[in-house]
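Take a look at the structure set out below.
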Amino acid sequence: MTAKSQHYWGADALDILRVGEGFVLSGVDPESAPGHPGGKVQGQADLATGLEQLDEYQERLFAQSRADATHASVLLVLQAMDSAGKGGIVRHVVGAVDPQGVMLTAFKKPTSQELAHDFLWRIRKRVPTPGMIGVFDRSHYEDVLIGKVRSLAPADEIERRYDAINAFEKELTDAGTRVVKVMLHISYDEQRTRLMERLDRPDKHWKYNPGDVDEREMWPHYMDAYQTVFERTSTEHAPWYVVPANRKWYARLAVQTLLLETLEGIDPQWPAATFDVETEKKRLAAT
């Protein structure tokens, strides 16, 4: 079974969600569900179908890396406005695989030590090793998103970073890492609804940050910054994918499908035995 054999998913996610030439973020409806004509119930069924397959692919990728000289790995980059569902992707999609095969990093505000180095210094330390699925919950793109919107770096430095990011990601792909960059795209109104839910529920208060309201005031500037990111860094070797995220079930399914199709492209294989299986069966039976 392949990702595209899921009953209700009817398109190649790596094609329909890809940021290509002429892409305009404002033309993407955050409420839409491209590639999936079914509703929530069907989407959840497809998600459940894909969990077992994703788990197997991850184990095959890990096993293959331990048995031969392959350097294949996957890096999932998650970027979004606050409350867009990055945590849900980590829990409901990546969380389905063996945690020993995942390298998860949630990048926070840089420390003083990190600020003393180039912005990619802390990123390089967390790239996935062979056989692993790496996940960046926020990433090096914060340095050209918040950095630009909040004027945390001079304009010429921001410009330099776009080229540095492209060179860095080319390094990764040349070394065998498949880079899957996803922007979870929610609407301004949907973010208000989700933030209000955090205020209405005591069990969600810990997730609320008063600064989120300040960031909402900069929404148009962030959308412009994302548009520039897509234009400057959606490359042939590391394209961007924009996933409409107002419907949580769709966003999770879409990211899962992107990962499945990426792993299908790698096609990791179970390593062949390095011993005589029948001989070992006889030896074991005799004990």
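The values are calculated or read from the model by the stated rules, or taken from the named source; none is laboratory data. A quick note: this is a predicted structure, and the numbers were derived from the prediction, not measured. All Cβ positions, even for glycine, are placed from backbone atoms using ideal geometry, and neighbour counts span all protein chains on display. Each accessible area value is taken on the protein alone, full model and side chains, heavy atoms only, with ligands, DNA and RNA left out. Shrake-Rupley method; radii C 1.70, N 1.55, O 1.52, S 1.80 Å.
Summary of computed values
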quantity	calculated
Lone unmet requirement of (1) in a loop (DSSP other than H, G, I, E, B); (2) over 30 Å from Trp270 (Cα atoms) for Val41	(1)
All positions within segment 125-140 that are closer than 16 Å to Phe107 by Cα and either in contact with a His (Cβ under 6 Å, 6 or more places away or on another chain) or open to solvent by 30 Å² or more (accessible area, probe 1.4 Å) (or both)	Lys125, Arg126, Val127, Asp137, Arg138
Long-range neighbours under 9 Å by Cβ, at least six apart or interchain, first residue in contact (Cβ under 8 Å) with a residue 24 or more places away in the chain and among the hydroxyl-bearing types (Ser, Thr, Tyr) within segment 69-82, second open to solvent by 20 Å² or more (accessible area, probe 1.4 Å) and in a strand (DSSP E or B)	Ser73/Met103; Ser73/Arg178
Failed condition for Gln113, given (1) of a type outside the set (Val, Ile, Thr); (2) open to solvent by 60 Å² or more (accessible area, probe 1.4 Å); (3) touching a residue at least 12 places away in the same chain (Cβ under 8 Å); (4) more than 28 Å from His221 (Cα to Cα)	(3)
Those residues of segment 59-72 which are assigned to a helix (DSSP H, G or I) and either open to solvent by 40 Å² or more (accessible area, probe 1.4 Å) or under 14 Å from Met183 (Cβ atoms) (or both), in sequence order	Glu59, Phe62, Arg66, Ala67
All positions within segment 123-165 that are of a type in the set (Val, Ile, Thr) and closer than 30 Å to Gly95 by Cα	Ile123, Val127, Thr129, Ile133, Val135, Val144, Ile146, Ile165
Conditions (1) among the hydrophobic types (A, V, I, L, M, F, W, C); (2) at pLDDT 90 or above; (3) assigned to a loop (DSSP other than H, G, I, E, B): number failed by Trp9	(2)
Residue satisfying all of: in segment 243-273; modelled with pLDDT of 95 or more and not in a helix (DSSP H, G or I); most open to solvent (accessible area, probe 1.4 Å) among these	Arg247
Selection count where residues are surrounded by fewer than 22 Cβ atoms within 10 Å (Cβ to Cβ), in contact with a helix residue (DSSP H, G or I) (Cβ under 8 Å, 6 or more places away or on another chain) and part of a loop (DSSP other than H, G, I, E, B), scope segment 141-155	2
Qualifying positions in segment 114-160 - polar (S, T, N, Q) and under 21 Å from Asp214 (Cβ atoms)	Ser151
Any hit, segment 91-101, residues being crowded, with 20+ Cβ neighbours inside 10 Å and assigned to a loop (DSSP other than H, G, I, E, B)	yes
Pairs with Cβ under 9 Å, 6+ apart, first in segment 270-287 and closer than 28 Å to Ser65 by Cα, second acidic (Asp, Glu) and open to solvent by less than 90 Å² (accessible area, probe 1.4 Å)	Pro271/Asp68; Ala273/Glu280
Members of segment 180-231 that are hydrophobic (A, V, I, L, M, F, W, C), assigned to a helix (DSSP H, G or I) and open to solvent by 30 Å² or more (accessible area, probe 1.4 Å)	Met196, Leu199, Trp206, Val213, Met223
Condition met for Leu75 (assigned to a helix (DSSP H, G or I) and not small (Gly, Ala, Ser))	no
